[in-house]
Amino acid sequence: MKQMGVGLLGFGTVGAGVVDGLQRNRELLAHRIGADIVVRRIADVDLSRDRGVAVDPAILTTDARAVINDPSVDIVVELIGGTGIARTLVTEALKAGKAVVTANKKLLAEYGEEIFSLAEEAGVDLYFGASVGGGIPIVRVLREGLVGNTIQSLFGILNGTCNYILTRMENESLPFDEALKAAQAAGYAESNPSLDVDGFDTAHKAVILASLAYGFHVPMSVAAVEGIRSLAGVDVQFARELGYRIKLLAVIRGDGTEVEVRVHPTLVARDHMLASVSHVFNAVMVRGDLSGDTLYYGRGAGREPTASTVIGDIGDVARNLLAGSPRHSRGIAKLSSEPLRVRALSAIHSRYYLRLMVVDRAGSLGQFTTILGKHGVSIHAVSQKGGAEAQEGGFVPVVTLTHLAREADVDAALAEIRAAGIVGEDPVKLRMLD
Ligand code: HSE
(Lines give C-alpha, C1' and ligand atoms only; values in the text may rest on other atoms or scores of the structure.)
Protein backbone atom coordinates (compact mmCIF):
# COMPACT_ATOMS: atom_id res chain seq x y z
CA MET A 1 0.00 0.00 0.00
CA LYS A 2 1.23 3.49 -0.82
CA GLN A 3 2.48 5.50 2.13
CA MET A 4 1.63 9.15 2.69
CA GLY A 5 4.04 11.20 4.79
CA VAL A 6 2.87 13.72 7.37
CA GLY A 7 5.09 16.40 8.92
CA LEU A 8 3.94 18.15 12.05
CA LEU A 9 4.78 21.73 12.96
CA GLY A 10 3.97 22.05 16.65
CA PHE A 11 3.89 19.15 19.09
CA GLY A 12 1.61 20.53 21.78
CA THR A 13 -1.66 19.17 23.07
CA VAL A 14 -3.36 18.84 19.68
CA GLY A 15 -0.17 17.68 17.95
CA ALA A 16 0.19 14.85 20.43
CA GLY A 17 -3.48 14.01 19.92
CA VAL A 18 -2.98 13.82 16.14
CA VAL A 19 0.04 11.51 16.47
CA ASP A 20 -1.82 9.35 18.97
CA GLY A 21 -4.95 9.19 16.77
CA LEU A 22 -2.95 8.36 13.64
CA GLN A 23 -1.19 5.56 15.50
CA ARG A 24 -4.29 4.22 17.20
CA ASN A 25 -6.41 4.11 14.04
CA ARG A 26 -3.65 3.52 11.51
CA GLU A 27 -5.07 0.34 10.05
CA LEU A 28 -8.61 1.61 9.92
CA LEU A 29 -7.43 4.79 8.17
CA ALA A 30 -5.40 2.81 5.67
CA HIS A 31 -8.49 0.79 4.74
CA ARG A 32 -10.70 3.83 4.44
CA ILE A 33 -8.26 6.04 2.60
CA GLY A 34 -6.25 3.56 0.58
CA ALA A 35 -2.92 4.86 1.88
CA ASP A 36 -0.86 4.24 4.96
CA ILE A 37 -0.55 7.59 6.78
CA VAL A 38 2.85 7.84 8.46
CA VAL A 39 4.18 10.69 10.63
CA ARG A 40 7.64 11.29 9.21
CA ARG A 41 8.87 14.42 11.01
CA ILE A 42 7.76 16.52 13.98
CA ALA A 43 9.11 19.97 14.83
CA ASP A 44 8.74 21.77 18.12
CA VAL A 45 10.86 24.18 20.13
CA ASP A 46 10.61 21.93 23.19
CA LEU A 47 11.55 18.31 22.62
CA SER A 48 12.07 17.37 26.26
CA ARG A 49 8.46 17.31 27.47
CA ASP A 50 6.65 13.99 27.69
CA ARG A 51 3.51 14.16 25.55
CA GLY A 52 2.22 10.77 26.59
CA VAL A 53 2.63 9.37 23.10
CA ALA A 54 5.41 7.14 21.78
CA VAL A 55 7.42 8.55 18.89
CA ASP A 56 10.77 7.61 17.44
CA PRO A 57 13.14 10.33 18.77
CA ALA A 58 14.85 10.36 15.36
CA ILE A 59 11.84 12.06 13.77
CA LEU A 60 11.85 14.93 16.27
CA THR A 61 13.56 18.19 15.39
CA THR A 62 13.61 21.80 16.51
CA ASP A 63 14.02 22.89 12.89
CA ALA A 64 10.63 23.44 11.22
CA ARG A 65 12.27 23.79 7.79
CA ALA A 66 13.64 20.28 8.12
CA VAL A 67 10.01 19.14 8.19
CA ILE A 68 8.82 21.32 5.31
CA ASN A 69 11.77 20.41 3.09
CA ASP A 70 11.79 16.70 3.84
CA PRO A 71 10.94 15.02 0.52
CA SER A 72 9.15 12.21 2.37
CA VAL A 73 6.68 14.69 3.86
CA ASP A 74 3.65 15.09 1.58
CA ILE A 75 1.34 16.89 4.01
CA VAL A 76 2.47 19.62 6.41
CA VAL A 77 0.24 19.99 9.47
CA GLU A 78 0.56 23.36 11.19
CA LEU A 79 -0.47 23.28 14.85
CA ILE A 80 1.61 26.16 16.21
CA GLY A 81 -1.13 28.77 16.15
CA GLY A 82 -0.95 32.55 15.95
CA THR A 83 0.18 34.75 13.12
CA GLY A 84 3.93 34.94 13.73
CA ILE A 85 6.14 32.00 12.81
CA ALA A 86 3.07 29.95 11.83
CA ARG A 87 2.33 32.39 8.99
CA THR A 88 5.92 32.22 7.75
CA LEU A 89 6.01 28.43 7.86
CA VAL A 90 2.61 27.90 6.21
CA THR A 91 3.72 30.29 3.45
CA GLU A 92 6.97 28.37 2.97
CA ALA A 93 5.22 25.01 2.94
CA LEU A 94 2.72 26.13 0.29
CA LYS A 95 5.48 27.65 -1.82
CA ALA A 96 7.39 24.37 -1.53
CA GLY A 97 4.36 22.67 -3.08
CA LYS A 98 3.30 20.86 0.08
CA ALA A 99 -0.34 20.34 0.97
CA VAL A 100 -1.13 22.06 4.26
CA VAL A 101 -3.56 21.21 7.03
CA THR A 102 -3.98 23.85 9.71
CA ALA A 103 -6.13 24.46 12.78
CA ASN A 104 -5.09 28.11 12.92
CA LYS A 105 -8.23 30.27 13.01
CA LYS A 106 -6.37 33.48 13.74
CA LEU A 107 -4.10 33.04 10.74
CA LEU A 108 -7.00 32.39 8.37
CA ALA A 109 -9.23 35.09 9.86
CA GLU A 110 -6.51 37.73 9.60
CA TYR A 111 -4.46 36.57 6.59
CA GLY A 112 -6.84 34.20 4.83
CA GLU A 113 -6.82 36.08 1.55
CA GLU A 114 -3.03 35.92 1.33
CA ILE A 115 -2.79 32.28 2.44
CA PHE A 116 -5.58 30.99 0.16
CA SER A 117 -4.08 32.85 -2.83
CA LEU A 118 -0.75 31.18 -2.16
CA ALA A 119 -2.38 27.74 -2.08
CA GLU A 120 -4.20 28.55 -5.31
CA GLU A 121 -1.00 29.70 -7.04
CA ALA A 122 0.90 26.65 -5.84
CA GLY A 123 -1.95 24.33 -6.88
CA VAL A 124 -1.97 22.53 -3.55
CA ASP A 125 -4.56 21.68 -0.92
CA LEU A 126 -5.10 23.86 2.12
CA TYR A 127 -7.45 22.30 4.64
CA PHE A 128 -8.56 24.07 7.80
CA GLY A 129 -11.37 22.01 9.32
CA ALA A 130 -10.17 22.31 12.91
CA SER A 131 -10.00 26.11 12.75
CA VAL A 132 -13.70 26.25 13.69
CA GLY A 133 -15.61 24.05 16.09
CA GLY A 134 -12.84 21.66 17.22
CA GLY A 135 -14.37 18.20 16.88
CA ILE A 136 -17.41 19.43 14.92
CA PRO A 137 -16.64 19.09 11.20
CA ILE A 138 -18.61 22.24 10.36
CA VAL A 139 -16.18 23.48 7.69
CA ARG A 140 -16.71 20.25 5.79
CA VAL A 141 -20.48 20.56 6.18
CA LEU A 142 -20.42 23.96 4.49
CA ARG A 143 -18.00 22.87 1.77
CA GLU A 144 -19.65 19.56 1.00
CA GLY A 145 -22.91 18.54 2.61
CA LEU A 146 -24.63 21.91 2.18
CA VAL A 147 -22.79 22.93 -0.99
CA GLY A 148 -26.07 23.07 -2.92
CA ASN A 149 -27.70 25.52 -0.53
CA THR A 150 -27.90 29.26 -0.37
CA ILE A 151 -26.98 29.76 3.27
CA GLN A 152 -29.55 31.93 4.99
CA SER A 153 -28.09 32.01 8.47
CA LEU A 154 -25.58 30.49 10.85
CA PHE A 155 -25.83 30.83 14.60
CA GLY A 156 -22.85 29.52 16.51
CA ILE A 157 -21.76 28.91 20.07
CA LEU A 158 -18.10 28.73 19.18
CA ASN A 159 -16.15 29.31 22.37
CA GLY A 160 -16.25 26.65 25.05
CA THR A 161 -14.67 28.84 27.70
CA CYS A 162 -17.36 31.51 27.38
CA ASN A 163 -20.11 28.94 27.28
CA TYR A 164 -18.73 27.35 30.44
CA ILE A 165 -18.59 30.74 32.19
CA LEU A 166 -22.13 31.61 31.13
CA THR A 167 -23.44 28.23 32.26
CA ARG A 168 -21.86 28.67 35.70
CA MET A 169 -23.15 32.26 35.94
CA GLU A 170 -26.67 31.04 35.24
CA ASN A 171 -26.75 27.80 37.22
CA GLU A 172 -24.98 29.06 40.33
CA SER A 173 -25.77 32.78 40.19
CA LEU A 174 -22.04 33.50 40.01
CA PRO A 175 -20.72 36.90 38.96
CA PHE A 176 -18.54 36.92 35.85
CA ASP A 177 -15.22 37.16 37.77
CA GLU A 178 -15.94 34.09 39.86
CA ALA A 179 -17.16 32.07 36.91
CA LEU A 180 -13.99 33.02 35.02
CA LYS A 181 -11.86 31.85 37.95
CA ALA A 182 -13.77 28.56 37.91
CA ALA A 183 -13.06 28.21 34.16
CA GLN A 184 -9.37 28.89 34.77
CA ALA A 185 -9.25 26.38 37.62
CA ALA A 186 -10.87 23.77 35.37
CA GLY A 187 -8.14 24.42 32.79
CA TYR A 188 -10.42 25.92 30.15
CA ALA A 189 -9.61 29.63 30.12
CA GLU A 190 -6.10 30.92 29.52
CA SER A 191 -4.44 32.94 32.28
CA ASN A 192 -4.91 35.88 29.89
CA PRO A 193 -8.47 35.09 28.88
CA SER A 194 -9.03 38.09 26.65
CA LEU A 195 -9.11 36.19 23.36
CA ASP A 196 -11.96 34.08 24.72
CA VAL A 197 -14.01 36.39 26.93
CA ASP A 198 -13.71 39.51 24.79
CA GLY A 199 -15.17 37.59 21.86
CA PHE A 200 -12.20 37.57 19.47
CA ASP A 201 -11.78 33.80 19.33
CA THR A 202 -15.46 33.51 18.41
CA ALA A 203 -15.05 36.32 15.88
CA HIS A 204 -12.09 34.58 14.20
CA LYS A 205 -14.29 31.53 13.74
CA ALA A 206 -17.26 33.63 12.65
CA VAL A 207 -15.39 35.34 9.82
CA ILE A 208 -14.14 31.96 8.56
CA LEU A 209 -17.71 30.60 8.54
CA ALA A 210 -19.01 33.78 6.92
CA SER A 211 -16.33 33.61 4.23
CA LEU A 212 -17.21 29.99 3.49
CA ALA A 213 -20.93 30.62 3.41
CA TYR A 214 -20.89 33.85 1.42
CA GLY A 215 -17.87 33.44 -0.83
CA PHE A 216 -15.69 36.41 -0.02
CA HIS A 217 -13.00 37.18 2.51
CA VAL A 218 -14.72 38.84 5.42
CA PRO A 219 -12.10 40.96 7.18
CA MET A 220 -12.00 40.84 10.97
CA SER A 221 -12.30 44.63 11.02
CA VAL A 222 -15.92 44.49 9.79
CA ALA A 223 -17.12 41.94 12.33
CA ALA A 224 -18.98 43.51 15.26
CA VAL A 225 -17.55 41.98 18.43
CA GLU A 226 -18.74 42.23 22.03
CA GLY A 227 -17.57 39.76 24.64
CA ILE A 228 -19.01 38.70 27.98
CA ARG A 229 -16.62 40.49 30.34
CA SER A 230 -19.06 43.22 31.26
CA LEU A 231 -22.11 40.98 31.47
CA ALA A 232 -23.77 41.44 34.86
CA GLY A 233 -24.99 38.43 36.79
CA VAL A 234 -28.28 40.21 37.38
CA ASP A 235 -29.01 40.23 33.64
CA VAL A 236 -28.30 36.51 33.39
CA GLN A 237 -30.83 35.98 36.20
CA PHE A 238 -33.45 38.38 34.82
CA ALA A 239 -33.12 36.70 31.42
CA ARG A 240 -33.64 33.34 33.10
CA GLU A 241 -36.80 34.57 34.85
CA LEU A 242 -38.10 35.66 31.46
CA GLY A 243 -37.41 32.23 29.90
CA TYR A 244 -34.08 32.93 28.18
CA ARG A 245 -30.46 31.88 28.46
CA ILE A 246 -27.62 34.20 27.54
CA LYS A 247 -25.14 32.73 25.06
CA LEU A 248 -22.13 34.31 23.36
CA LEU A 249 -23.46 33.84 19.85
CA ALA A 250 -21.90 34.35 16.44
CA VAL A 251 -24.70 35.56 14.19
CA ILE A 252 -24.03 35.33 10.45
CA ARG A 253 -26.85 36.07 8.11
CA GLY A 254 -27.14 36.96 4.44
CA ASP A 255 -30.06 38.37 2.48
CA GLY A 256 -28.55 38.36 -1.01
CA THR A 257 -27.07 41.85 -0.83
CA GLU A 258 -25.71 42.21 2.68
CA VAL A 259 -24.24 39.91 5.29
CA GLU A 260 -24.33 40.36 9.06
CA VAL A 261 -21.28 39.10 10.93
CA ARG A 262 -21.56 39.79 14.62
CA VAL A 263 -20.58 38.27 17.95
CA HIS A 264 -22.28 39.29 21.18
CA PRO A 265 -24.05 37.99 24.26
CA THR A 266 -27.51 37.03 23.05
CA LEU A 267 -30.75 36.02 24.75
CA VAL A 268 -31.81 32.64 23.43
CA ALA A 269 -35.29 31.33 24.33
CA ARG A 270 -35.02 28.34 26.63
CA ASP A 271 -36.89 26.09 24.21
CA HIS A 272 -34.50 26.90 21.33
CA MET A 273 -32.10 24.01 20.70
CA LEU A 274 -29.05 26.26 21.11
CA ALA A 275 -30.16 27.14 24.64
CA SER A 276 -29.49 23.59 25.80
CA VAL A 277 -25.84 23.72 24.71
CA SER A 278 -24.07 24.13 28.03
CA HIS A 279 -20.65 24.01 29.69
CA VAL A 280 -17.76 23.71 27.19
CA PHE A 281 -19.83 22.36 24.32
CA ASN A 282 -20.12 24.19 21.00
CA ALA A 283 -22.91 24.10 18.44
CA VAL A 284 -23.68 25.62 15.08
CA MET A 285 -27.14 25.92 13.58
CA VAL A 286 -27.11 26.42 9.82
CA ARG A 287 -30.16 27.25 7.77
CA GLY A 288 -29.91 26.48 4.07
CA ASP A 289 -32.61 27.38 1.57
CA LEU A 290 -32.99 23.67 0.72
CA SER A 291 -31.99 21.94 3.95
CA GLY A 292 -33.86 24.18 6.37
CA ASP A 293 -32.39 24.22 9.87
CA THR A 294 -29.54 21.81 10.61
CA LEU A 295 -27.65 21.55 13.89
CA TYR A 296 -24.10 20.43 14.70
CA TYR A 297 -23.00 19.87 18.28
CA GLY A 298 -19.81 18.73 19.95
CA ARG A 299 -16.63 19.61 21.74
CA GLY A 300 -15.11 22.77 20.32
CA ALA A 301 -11.64 22.25 21.73
CA GLY A 302 -9.39 19.71 23.38
CA ARG A 303 -6.77 17.20 22.33
CA GLU A 304 -8.85 14.40 20.87
CA PRO A 305 -11.82 16.26 19.36
CA THR A 306 -9.51 18.69 17.56
CA ALA A 307 -7.24 15.82 16.48
CA SER A 308 -10.30 14.08 15.04
CA THR A 309 -10.94 16.96 12.65
CA VAL A 310 -7.26 17.44 11.79
CA ILE A 311 -7.01 13.74 10.94
CA GLY A 312 -10.17 14.07 8.84
CA ASP A 313 -8.41 16.76 6.83
CA ILE A 314 -5.23 14.68 6.52
CA GLY A 315 -7.37 11.84 5.21
CA ASP A 316 -9.00 14.04 2.59
CA VAL A 317 -5.72 15.52 1.43
CA ALA A 318 -4.25 12.02 1.21
CA ARG A 319 -7.18 10.93 -0.96
CA ASN A 320 -6.71 13.95 -3.22
CA LEU A 321 -2.99 13.24 -3.57
CA LEU A 322 -3.69 9.60 -4.35
CA ALA A 323 -6.16 10.63 -7.03
CA GLY A 324 -3.63 13.12 -8.42
CA SER A 325 -6.19 15.82 -7.85
CA PRO A 326 -4.99 18.36 -5.33
CA ARG A 327 -7.04 21.51 -4.85
CA HIS A 328 -10.02 19.22 -4.93
CA SER A 329 -11.59 21.45 -2.33
CA ARG A 330 -11.02 25.15 -2.86
CA GLY A 331 -10.49 27.51 0.04
CA ILE A 332 -13.06 30.27 -0.22
CA ALA A 333 -15.04 29.85 -3.42
CA LYS A 334 -16.05 33.20 -4.88
CA LEU A 335 -19.80 33.20 -5.44
CA SER A 336 -20.16 36.42 -7.40
CA SER A 337 -17.97 39.02 -9.08
CA GLU A 338 -19.10 41.67 -6.58
CA PRO A 339 -18.58 40.69 -2.93
CA LEU A 340 -21.58 41.23 -0.69
CA ARG A 341 -21.50 44.15 1.72
CA VAL A 342 -21.21 43.58 5.45
CA ARG A 343 -24.09 45.33 7.22
CA ALA A 344 -23.16 47.94 9.82
CA LEU A 345 -24.29 47.04 13.33
CA SER A 346 -26.38 50.22 13.48
CA ALA A 347 -28.45 48.94 10.54
CA ILE A 348 -29.34 45.50 11.90
CA HIS A 349 -32.82 44.63 13.10
CA SER A 350 -33.17 42.63 16.28
CA ARG A 351 -35.32 42.26 19.32
CA TYR A 352 -33.67 43.75 22.41
CA TYR A 353 -33.48 43.20 26.15
CA LEU A 354 -33.02 46.53 27.90
CA ARG A 355 -32.34 46.97 31.61
CA LEU A 356 -32.58 50.46 32.96
CA MET A 357 -32.05 51.60 36.52
CA VAL A 358 -34.96 54.02 36.50
CA VAL A 359 -35.38 56.80 39.04
CA ASP A 360 -38.21 55.81 41.37
CA ARG A 361 -40.58 58.78 40.94
CA ALA A 362 -43.99 59.31 39.41
CA GLY A 363 -43.93 59.46 35.62
CA SER A 364 -40.38 58.24 34.99
CA LEU A 365 -41.56 54.94 33.51
CA GLY A 366 -43.99 56.85 31.29
CA GLN A 367 -41.18 59.14 30.13
CA PHE A 368 -39.02 56.15 29.28
CA THR A 369 -41.69 54.34 27.27
CA THR A 370 -42.63 57.56 25.46
CA ILE A 371 -39.03 58.06 24.33
CA LEU A 372 -38.84 54.49 23.03
CA GLY A 373 -42.10 55.02 21.13
CA LYS A 374 -40.86 58.28 19.66
CA HIS A 375 -37.94 56.42 18.10
CA GLY A 376 -40.18 53.71 16.69
CA VAL A 377 -39.09 51.07 19.21
CA SER A 378 -42.13 48.99 20.07
CA ILE A 379 -42.33 47.34 23.48
CA HIS A 380 -43.22 43.67 23.84
CA ALA A 381 -43.06 43.49 27.65
CA VAL A 382 -41.95 45.67 30.56
CA SER A 383 -41.38 44.58 34.11
CA GLN A 384 -40.12 46.31 37.20
CA LYS A 385 -37.85 43.84 38.94
CA GLY A 386 -37.63 42.87 42.57
CA GLY A 387 -39.06 44.49 45.65
CA ALA A 388 -37.51 47.02 47.95
CA GLU A 389 -34.28 44.99 48.05
CA ALA A 390 -33.77 45.53 44.30
CA GLN A 391 -33.80 49.28 44.77
CA GLU A 392 -30.49 51.07 44.85
CA GLY A 393 -30.30 54.69 45.86
CA GLY A 394 -33.80 55.46 44.64
CA PHE A 395 -33.42 53.58 41.35
CA VAL A 396 -35.32 50.44 40.37
CA PRO A 397 -34.38 47.93 37.67
CA VAL A 398 -36.84 47.94 34.80
CA VAL A 399 -36.47 45.26 32.16
CA THR A 400 -37.98 45.76 28.72
CA LEU A 401 -38.17 43.34 25.83
CA THR A 402 -38.76 45.06 22.51
CA HIS A 403 -40.28 43.91 19.26
CA LEU A 404 -38.02 43.88 16.23
CA ALA A 405 -36.28 47.26 16.03
CA ARG A 406 -33.40 48.88 14.19
CA GLU A 407 -30.26 49.12 16.32
CA ALA A 408 -29.69 52.79 15.47
CA ASP A 409 -33.21 53.64 16.68
CA VAL A 410 -32.68 51.78 19.96
CA ASP A 411 -29.36 53.58 20.47
CA ALA A 412 -30.91 56.97 19.76
CA ALA A 413 -33.71 56.26 22.25
CA LEU A 414 -31.23 55.15 24.92
CA ALA A 415 -29.13 58.29 24.39
CA GLU A 416 -32.24 60.42 24.88
CA ILE A 417 -33.21 58.45 27.98
CA ARG A 418 -29.75 59.03 29.45
CA ALA A 419 -29.95 62.73 28.68
CA ALA A 420 -33.42 62.99 30.28
CA GLY A 421 -31.94 62.11 33.69
CA ILE A 422 -34.34 59.24 34.39
CA VAL A 423 -31.70 56.53 34.75
CA GLY A 424 -29.05 56.11 37.41
CA GLU A 425 -26.48 54.33 35.24
CA ASP A 426 -25.93 53.45 31.60
CA PRO A 427 -28.73 51.24 30.29
CA VAL A 428 -27.87 47.63 29.49
CA LYS A 429 -28.74 46.55 25.93
CA LEU A 430 -28.57 42.93 24.86
CA ARG A 431 -29.71 41.48 21.54
CA MET A 432 -32.11 38.56 21.33
CA LEU A 433 -32.09 35.69 18.90
CA ASP A 434 -35.13 35.96 16.66
N1 HSE B 1 -10.29 28.77 23.60
C2 HSE B 1 -11.27 28.20 22.73
C3 HSE B 1 -12.49 27.80 23.53
C4 HSE B 1 -10.80 27.01 21.98
O5 HSE B 1 -12.52 28.00 24.74
O6 HSE B 1 -13.43 27.30 22.93
C7 HSE B 1 -9.86 27.36 20.90
O8 HSE B 1 -10.49 28.12 19.92
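The values are calculated or read from the model by the stated rules, or taken from the named source; none is laboratory data. Small disclaimer: the values here were computed from a predicted structure and weren't measured. Please note: Cβ atoms are built from the backbone with ideal geometry, for glycine as well, and neighbour counts cover all protein chains shown. These accessible areas exclude ligands, DNA and RNA; they are computed on the full protein's heavy atoms, side chains included. Shrake-Rupley method; radii C 1.70, N 1.55, O 1.52, S 1.80 Å.
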### Query
Using r as the Cβ-Cβ distance of Asp411 and Leu290, and R0 as 41 Å, what FRET efficiency do you calculate, to the nearest 0.05?
0.65
### Query
What length, rounded to one decimal in nm, is gained on full extension from Arg418 through to Leu322, with 0.36 nm per residue of separation minus their alpha-carbon distance?
28.0 nm
### Query
Can you give the extra length, in nm with one decimal, that the chain gains between Met1 and Lys95 once fully stretched, where that is 0.36 nm per residue apart less the Cα-Cα distance?
31.0 nm
### Accessible surface of the chain [probe 1.4 Å, protein heavy atoms]: carbon and sulfur percent
50
### Message
Could you compute the net charge surrounding Pro71? Neighbours are other residues with a C-beta less than 12 Å from the C-beta of Pro71; K and R count +1, D and E count -1.
### Response
+1
### Query
How large is ³J(HN,Hα) for each residue in the stretch 65-75, as worked out from phi by the Karplus curve 6.51 cos²θ - 1.76 cosθ + 1.60 (θ = phi - 60°), to whole Hz, x for Gly and Pro?
5, 5, 6, 4, 8, 6, x, 8, 9, 8, 10
### Query
If one computes the Cα centroid of the stretch 56-124 and of the stretch 174-218, what distance in Å separates the two points?
24
#### Entry: 16 Å reach of a label modelled at Ala66, 7 Å along Cα-to-Cβ, counting backbone N of the stretch 27-50
40-49
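If you take the Cα atoms of the stretch 348-432, find Rg, then find the Kirkwood Rh from the mean of 1/r over all pairs, what is Rg/Rh? Don't jump to the answer; show the numbers that get you there.
On the way: Rg = 12.0 Å, Rh = 12.7 Å.
Ratio of gyration radius to Kirkwood radius for the stretch 348-432: 0.95.
Given 20 °C and 1.002 mPa s, compute D for the stretch 46-166 with the Stokes-Einstein relation, Rh being the Kirkwood radius over Cα pairs; round to the nearest whole µm²/s. Mind showing how you got there, number by number?
Values: Rh = 16.4 Å.
Once the numbers are plugged in, D ends up at 130 µm²/s.
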#### Entry: the chain: C-alpha pair distances exceeding 40 Å, %
25
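Ordered by packing density, taken as the mean number of other Cβ atoms within 10 Å over each peptide's residues, highest first, how do 50-62, 418-430 rank? Walk me through the numbers on the way to the answer.
Details: 50-62: 11.7, 418-430: 15.7.
Peptide ranking by packing, descending: 418-430, 50-62.
Where the only charges are on Cβ atoms (+1 Lys, Arg; -1 Asp, Glu), what is the dipole of the chain about its Cα centre, to the nearest 20 debye?
Working: 44 positive and 50 negative charges, 122 e Å.
Using Cβ point charges on Lys, Arg, Asp and Glu, the chain gives about 580 debye.
Using helices alone, what [θ] at 222 nm do you get for the chain, with -39,500 (n - 2.57) per DSSP H run of 4 or more residues, divided over all residues and rounded to the nearest 500?
Values: 13 runs with 149 residues, N = 434.
Helices in the chain give a 222 nm mean residue ellipticity of -10500 deg cm²/dmol.
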### Task
Would you please give the residues with an amide H less than 5 Å from that of Ala189, counting only those at least 5 places away or on a separate chain, with H modeled from the backbone geometry?
Gln184
## Note on the structure
Once all protein chains are kept in place, Met1 shows an accessible area at probe 1.4 Å, nearest 10 Å², of 150
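Considering only the other residues whose Cβ falls under 15 Å of the Cβ of Ala269, what net charge follows from Lys and Arg at +1 and Asp and Glu at -1?
Working: positive: Arg240, Arg245, Lys247, Arg270, Arg351, Arg431; negative: Glu170, Glu241, Asp271, Asp293, Asp434.
Combined, the nearby Lys, Arg, Asp and Glu give +1.
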## Note on the structure
Most fluctuating of Leu209, Leu180, Leu414 in the GNM of the chain (C-alpha, under 10 Å) is Leu414
### Message
In the chain, if the dipole is taken from +1 on Lys/Arg beta carbons and -1 on Asp/Glu beta carbons about the Cα centre, which of Thr167, Leu290, Gln152 is farthest to the positive end?
### Response
Leu290
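Using the heavy atoms of the protein chains alone and a 1.4 angstrom probe, what is the accessible area of the stretch 138-299 per residue in square angstrom?
Values: 6060 Å² over 162 residues.
In whole numbers, the stretch 138-299 has 37 Å² accessible per residue.
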### Summary
Note on the chain: helices (DSSP H) long enough, at least 27 Å by alpha carbon along their axis, and hydrophobic enough, mean Kyte-Doolittle at least -0.5, are 303-322
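Using the alpha carbon gyration tensor of the stretch 283-388, what are the three equivalent-ellipsoid semi-axes (square root of 5 times each eigenvalue), largest first, in whole Å? If you can, show how the numbers build up before the last one.
Working: eigenvalues 520, 92, 28 Å².
Ellipsoid half-lengths, sorted descending, are 51, 21, 12 Å.
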### Summary
Applied in sequence order to the stretch 429-434, the curve 6.51 cos²θ - 1.76 cosθ + 1.60 (Karplus, θ = phi - 60°) yields integer Hz couplings, x standing for Gly and Pro, of 10, 10, 8, 10, 7, 10
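Summarise the long-distance tail of P(r) for the stretch 138-299 by giving the % of C-alpha pairs beyond 23 Å. Don't skip to the answer; put the middle values down first.
Working: 4747 of 13041 pairs.
Of all Cα-Cα pairs in the stretch 138-299, 36 percent lie more than 23 Å apart.
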